[in-house]
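Below is one structure, written out as structure tokens, with a few remarks after it.
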Amino acid sequence: MDRRSALKLLGATAASMSAGALGGCATTQPMHTPFDVNNPEDLHLMHRKLAYTLDDRLVYWNIDAVRMGFRDGQLTPFWNMHVGLIYKIEDISQFRYRVNYFMKIFYSDLKTGKLLETFDNPYTGETREVMQPKLVKSKSVFGLRGIERPESKDGDESKNGPSVRHDEIGPAKVIGDDVWLNSDSVFRAETPNRFGHLVQVNDWSTYHGSMRQISDPNVMSAPATHTFNDLNTFNHDWVGMKGVDAWSISRGFGRKSHNVDGMPEAWKAFMAKNHSDILSDNPDFS
């Protein structure tokens, strides 16, 4: 059996998703028997049930990670990253939906766990004042194959160099009842740009869940965990990496939940001091 055939799903028959099964949503999910990880429609549905939900519940994700520098083949831990994301999903049409979200990241000291105020750059010997990430409030539209991006327009490359974005759902792999599904986002901006150097961002998420849960038409949001990695250029001046031949790498993991109680205690404690309103049962996405 070749690899593509082996990747075709095993598992329970997915009954057709009616509007009633979607909690009043007008979208009707097609029936596939069985799920086929080489079928974009199946991957779209698998991704939505793993990463988000088919109903109107809020979705919470955490990423607990460590930011590291990578130079001369060696990794050097820099700080902890406490990432929290809150999503609200709105259906648009079949295989198309809007994701409204908040994202807040906190950097903490590797030893004390306290909010990071200064960073001792191991490559330059400088002590830098830390700029904690701002609260992000935004939205994206997902189509059949991933996030929909506006078509880029040809511009004056003497002012802005060429840039490219690439978002992809899949591939997915199934072993027994376990499924792992990749969802990657890649961005590259050549010079000249506002950063003054090549910008490369590789954000890789791998979701893990149960095919039995995904295939169950009564399950609107399959229990899921994920692993997260990014391999990026250093894109924030405050870190003090100008002229340093090094890359920024993160390694982390997280779990999906449907209320703030499922989020890590450290992230909730930081949020309570900075953005307590976002911790409510009904945060304002408007």
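Observations on the structure shown:
- Highest-MSF residue in the chain out of 77, 162, 150 [GNM, Cα springs under 10 Å]: 150
- On the chain, 49 percent of the accessible area sits on carbon and sulfur atoms, based on a 1.4 Å probe.
- Residues 145, 57, ordered by accessible area of protein heavy atoms at a 1.4 angstrom probe radius and largest first, appear as 145, 57.
- Whether segment 100-193 is rounded, prolate or oblate, judged on the alpha carbon gyration tensor where a/c under 1.5 counts as rounded: oblate
- Extreme residue, positive dipole direction of segment 163-278, given options 274, 217, 234 (C-beta unit charges): 274
- Label-point separation in nm, residue 281 to residue 166, each point 7 Å along Cα→Cβ: 4.5 nm
- Rounded to the nearest 20 debye, the dipole size of segment 70-224 about its Cα centre is 400 debye, using +1 on the Cβ of Lys and Arg and -1 on the Cβ of Asp and Glu.
- Taking the C-alpha atoms only, the angle from helix 265-274 to the longest principal axis of the chain is near 70 degrees.
- Cα-centre dipole for segment 87-126 with unit charges at Cβ (Lys and Arg positive, Asp and Glu negative), debye to 20: 280 debye
- Between segment 163-210 and segment 247-286, the alpha-carbon center distance in angstrom: 22 Å
- Calculated FRET value between residue 177 and residue 265, using beta carbons and R₀ = 25 Å, to 0.05: 0.25
- Each Lys and Arg adds +1 at its Cβ and each Asp and Glu adds -1 at its Cβ; summed about the Cα centre, the chain shows a dipole of about 120 debye.
- Projecting label points 7 angstrom from Cα along Cα→Cβ for residue 204 and residue 159 puts them 3.7 nm apart.
- Angle between the chain longest axis and helix 40-51 axis [Cα atoms, degrees, rounded to 10]: 60 degrees
- Å² per residue, accessible surface of segment 89-210 at 1.4 Å: 62 Å²
- Applying 0.36 nm per residue to the separation of residue 141 and residue 41 and subtracting their alpha-carbon distance, the gain on full extension is 34.4 nm.
- Inter-site label distance for residue 253 and residue 129 at 7 Å from Cα along Cβ, in nm: 3.8 nm
The values are calculated or read from the model by the stated rules, or taken from the named source; none is laboratory data. What you see is a predicted model, and the numbers here were worked out from it, not measured in a lab. Cβ sites come from the backbone with ideal geometry, for glycine too, and all protein chains shown count toward neighbours. Areas reflect the complete protein model, heavy atoms only, side chains present, ligands, DNA and RNA absent. Shrake-Rupley method; radii C 1.70, N 1.55, O 1.52, S 1.80 Å.
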